[in-house]
Amino acid sequence: MREITAWDRLKVNKNWLGAWFMLPAAAFLILFLAYPLGLGVWLSFTDARLGRDGVFVGVENYIYLWEDSVFWLSVFNTILYTGVASIIKFAIGLYLALLLNENLPFKAIIRAIVLIPFIVPTVLSAIAFWWLFDPQFSIISWSLKQMGLITQNIDFLGDVWNARWSVIFANIWRGVPFVAITLLAGLQTVSPSLYEAATIDGASTWQRFRFITYPLLTPIIAVVMTFSVLFTFTDFQLIWVMTRGGPVNATHLMATLSYQRAIMSGYLGEGAAISTAMIPFLLAAIMVSWFGLQRRKWQQGGDND
């Protein structure tokens, strides 16, 4: 009879079973995510250009970016774009989730309609908004002129701040369904008996939300907001199709500036440095999600450290 080795015991160990199943996914992530990320970080320390290999130049690209006003403008635009859009998407999405959680007629159809902006491909949405905000043929300007509210067309994408608010509005329109449907899924896990008990105790609508709905939704909110921030912070297609970073770099995000410098201009090292500079912001968003998930402990009867 063959002696059972440590390797045999490891293969059937329940603690390692999950790891065995995760190996294919881990290999996929390493190949298509970790390797490109590592390559991008390495390129940020070189002077690589399209058509030729670069040599190691240390932090020269980062020093250049530190003194580059366009880069800092893109950082400002990215933070403004992400902050404003994420907050408004959460507020509208939470309201829609609470509304759709009620006993409404044709609720399934309404949910499907709410999902449409998220299902439509980003490029098609961007082209639609590009037409809506056209300086000559905008239906918005035409409607406002017909109502006598304005006398000339609004330059949505040609004015610095108009362009910023326009792309933020387009991102909100696309992102609200994701937040709403995800929060709705979380709301439907809350036991109705909790609301019934609170109602019997005389709790108001606000008190039921404050002390039942919000605490139980906190882990879901942490996850959905993290993904919302990540998607918004790294947005590329919407901006590139609508404005290409204009006017005068007013809507350039770090992602679009990186593409412009690396692909359109050929400075791969500089473009990679801009992309690498996004990592600390993305890590901060992931940490928010991590700490939010820890709050599940108190729901499971553990300490909420």
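Once the stretch 126-141 is narrowed to residues that are small (Gly, Ala, Ser) and within 24 Å of the chain's Cα centre (by Cα), the residue that is surrounded by the most Cβ atoms within 10 Å (Cβ to Cβ) is ALA126. The set of residues in the stretch 254-286 that are touching a residue at least 60 places away in the same chain (Cβ under 8 Å), part of a helix (DSSP H, G or I), surrounded by fewer than 17 Cβ atoms within 10 Å (Cβ to Cβ) and among the small types (Gly, Ala, Ser) is empty. Among the numbered conditions (1) within 23 Å of VAL224 (Cα to Cα); (2) surrounded by 13 or more Cβ atoms within 10 Å (Cβ to Cβ), the only one that VAL57 does not meet is (1).
Within the stretch 241-253, not a single residue is modelled with pLDDT of 90 or more, surrounded by fewer than 17 Cβ atoms within 10 Å (Cβ to Cβ) and within 26 Å of ARG52 (Cα to Cα). Mind checking whether some residue in the stretch 121-131 is touching a helix residue (DSSP H, G or I) at 6+ places or on another chain (Cβ under 8 Å) and not in a helix (DSSP H, G or I)? So far as the stretch 121-131 goes, no, none of its residues is touching a helix residue (DSSP H, G or I) at 6+ places or on another chain (Cβ under 8 Å) and not in a helix (DSSP H, G or I). When restricted to residues that are farther than 24 Å from TRP240 by Cβ and of a type in the set (Ser, Thr, Tyr), the stretch 95-132 contains 1. Among the conditions (1) outside any helix (DSSP H, G or I); (2) more than 18 Å from the chain's Cα centre (by Cα); (3) among the β-branched types (Val, Ile, Thr), the only one that THR251 does not satisfy is (2). Is there a residue being modelled with pLDDT of 90 or more and among the β-branched types (Val, Ile, Thr) anywhere in the stretch 182-201? Yes, there is a match, as at least one residue in the stretch 182-201 is modelled with pLDDT of 90 or more and among the β-branched types (Val, Ile, Thr). Return the residue satisfying two criteria in turn: it lies in the stretch 196-223 and is aromatic (Phe, Trp, Tyr) and more than 26 Å from the chain's Cα centre (by Cα), and of such residues it is nearest to ASN101 (Cα to Cα). Going through the qualifying residues, I end up with TRP206. Here the stretch 217-248 is the region considered, the condition is being assigned to a loop (DSSP other than H, G, I, E, B) and of a type outside the set (Gly, Ala, Ser), and the residue that is nearest to ASP159 (Cα to Cα) is PRO247.
Just so you know, in the stretch 159-197 the residues that are surrounded by 15 or more Cβ atoms within 10 Å (Cβ to Cβ) and small (Gly, Ala, Ser) include one that is farthest from ILE220 (Cα to Cα), and it is ALA163.
Quick one: in the stretch 161-207, of everything that is out of contact with any Gly (no Cβ under 9 Å at 6 or more places or on another chain), β-branched (Val, Ile, Thr) and assigned to a helix (DSSP H, G or I), which residue is farthest from PHE129 (Cα to Cα)? The extreme case among them is ILE200.
Conditions tested, residue by residue: (1) farther than 25 Å from GLN237 by Cβ; (2) buried (at least 17 other Cβ atoms within 10 Å of the Cβ); (3) free of Cβ contacts under 8 Å to residues at least 60 places away in the same chain; (4) touching a strand residue (DSSP E or B) at 6+ places or on another chain (Cβ under 7 Å).
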{"site": "THR82", "(1), (2), (3), (4)": "no, yes, no, no"}
{"site": "PHE90", "(1), (2), (3), (4)": "no, yes, no, no"}
{"site": "ALA97", "(1), (2), (3), (4)": "yes, yes, no, no"}
{"site": "LEU100", "(1), (2), (3), (4)": "yes, yes, no, no"}
{"site": "LEU104", "(1), (2), (3), (4)": "yes, no, yes, no"}
{"site": "ILE110", "(1), (2), (3), (4)": "yes, no, yes, no"}
{"site": "VAL120", "(1), (2), (3), (4)": "no, no, yes, no"}
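The values are calculated or read from the model by the stated rules, or taken from the named source; none is laboratory data. Model, not experiment: these values are computed from the prediction. Positions of Cβ are generated from backbone atoms using ideal geometry, with glycine treated the same way; all protein chains shown enter the neighbour counts.
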